[in-house]
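The values are calculated or read from the model by the stated rules, or taken from the named source; none is laboratory data. These numbers come from a predicted model, not from an experiment. Here the Cβ positions follow ideal geometry from the backbone for every residue, glycine too, while neighbour counts run over all protein chains shown. Please note that ligands, DNA and RNA were not included when accessible areas were found on the heavy atoms of the full protein model with its side chains. Shrake-Rupley method; radii C 1.70, N 1.55, O 1.52, S 1.80 Å.
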Amino acid sequence: MTAGLADPLRIAILISGSGSNMLRLVESMTGDHPARPVLVLSNVPGAGGLAKAEAAGVPTAVVDHRAYADRAAFEAALQSTLAPAQPDLICLAGFMRVLTPGFVAAWEGRMLNIHPSLLPKFRGLDTHARALAAGETRHGCTVHEVTPDLDAGPVLGQAEVPVRPDDTPDTLAARVQAAEHRLYPAVLRRVAEGDRSPLRFA
Ligand code: GRF
């Protein structure tokens with residue numbers, strides 16, 4: 001998966017929301033970085049990240065899941081929208097649709113995700129509230145390869161943050177998101193350089 005400057009790795013980023021992680025990834029892929037963003041795709045029309053991507057000069061597309069009868073039809077549309085951009089790697093960045101094993105298999109080893117917990121703790125949703133309820137003193141985020149098991153693929157990097165006694169889910173989420181913004185670009189660069197050993201940010 002190593003790519004020289006003459007042949008940068010082509011990155012598609014899938015979003016559903018504000019796209020702050022997407023923007024950090026896009027902004028990181030300059031200069032001698034071995035990858036370049038080729039498409040930002042949202043399943044939500046009007047997602048805030050679309051305007052950010054356009055302002056950054058990255059082509060965008062929308063595949064609205066509500067327009068399709070089932071997951072298979074939605075994912076077929078995803079594939080046919082991705083195909084012309086010829087991505088080598090997909091980064092899920094706040095993409096809030098569960099992908100079927102068939103789609104995941106088609107991108108095996110070539111799809112990353114960022115999850116707002118220190119996996120294997122707190123797979124799924126509402127991770128910050130659950131970390132608080134569990135009395136955790138450390139929380140954080142994980143970048144991992146996407147496999148058919150939700151939030152369970154090989155870990156490529158983790159960043160920890162402290163949990164403070166007066167934290168609410170919102171204050172904790174803000175601290176974790178700042179860590180996400182450092183972690184995801186760092187992991188993407190390592191993966192693009194061919195290094196999949198887990199990165200740890202304390
Ligand atoms: C991030 O916290 C990510 O971990 C979660 O969704 C959020 C997306 O935020 N899966 P943004 O769209 O990157 O701002």
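Toward the positive end of the charge dipole of segment 45-139, with +1 on the Cβ of Lys and Arg and -1 on the Cβ of Asp and Glu, the farthest Cα among Thr137, Leu125, His115 is that of Thr137.
Quick one: compute the contact order of segment 115-202, relative version, from alpha carbon pairs under 8 angstrom and 6+ residues apart, as a percent.
Relative contact order of segment 115-202: 30 percent.
In the full protein context, the chain carries 45 Å² of accessible surface per residue, based on a 1.4 Å probe and ignoring ligands, DNA and RNA. Of all the options Leu125, Leu99, Leu23, the one that moves most in a Gaussian network model of the chain with Cα springs shorter than 10 angstrom is Leu125.
Taking 0.36 nm per residue of sequence separation and subtracting the Cα-Cα distance, how much length would be gained by fully extending the chain between Ala106 and Arg182, in nm to one decimal?
Numbers: separation 76, 0.36 × 76 = 27.36 nm, distance 2.84 nm.
Gain in length upon complete extension: 24.5 nm.
Return the carbon/sulfur percentage of the accessible area of segment 15-100, one whole number, probe 1.4 Å, all protein chains in place. Please list the in-between numbers first.
Values: 1970 of 3650 Å².
After summing per-atom areas, the C and S share lands at 54 percent.
In whole percent, and with a 1.4 Å probe on the protein chains, what portion of the accessible area of segment 109-185 is carbon and sulfur? Accessible surface attributable to carbon and sulfur in segment 109-185 totals 55 percent. The angle separating the long axis of helix 71-82 from the principal Cα axis of greatest extent in the chain is about 60 degrees.
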